Amino acid sequence: MIYLINILNIYLTGKGFVHVATEAQVPIVPTFMANQEEMRWNPILYFWNFLGLGRLFFYVVKLNIPILTPFLNFIGSAVWFSMTWIQFPIPAKLTLYVGDPVQYDMSKDTIDDVS
């Protein structure tokens, strides 16, 4: 039997997934998808690493020059964050792992024990 929990209930009430599942008295099924991050390719970050600019940036920041280091950390973070939005999808083998349902008895277990 498949149990569906209304995801909007989680967001609207501000409760976590475990709270909603225990109130609905349904088992919690742990899931994990492997290789999900390998599906995207960023050409700018690829060439950045290919040219060794990441190591150069690390070494310059590691010199710990008083005025230059905070400035480089800020600029590096801003550039990295903006460049990560440029991505191309590539084929990757995704593997979905589905664990055994977590059985609990709320008369004996607390929310912290279940989560």
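Inside segment 12-23, can you point out the residues that are without any contact (Cβ under 8 Å) to a residue 24 or more places away in the chain and in a loop (DSSP other than H, G, I, E, B)?
Gly14, Lys15
Considering every residue within segment 33-55, establish whether at least one is of a type outside the set (Asp, Glu) and closer than 30 Å to Asp105 by Cα. Steps first, please.
Within segment 33-55, the first condition is being of a type outside the set (Asp, Glu), and the residues that meet it are 33-36, 39-55.
Among the residues that remain, those that are also closer than 30 Å to Asp105 by Cα are: 33.
Yes, segment 33-55 contains a residue that is of a type outside the set (Asp, Glu) and closer than 30 Å to Asp105 by Cα.
A short reminder: the numbers here are calculations on the coordinates, not readings from a lab. In this text, all values refer to a predicted model and were calculated from it rather than measured experimentally. We place every Cβ from the backbone using ideal geometry, glycine too, and count neighbours over all the protein chains shown.
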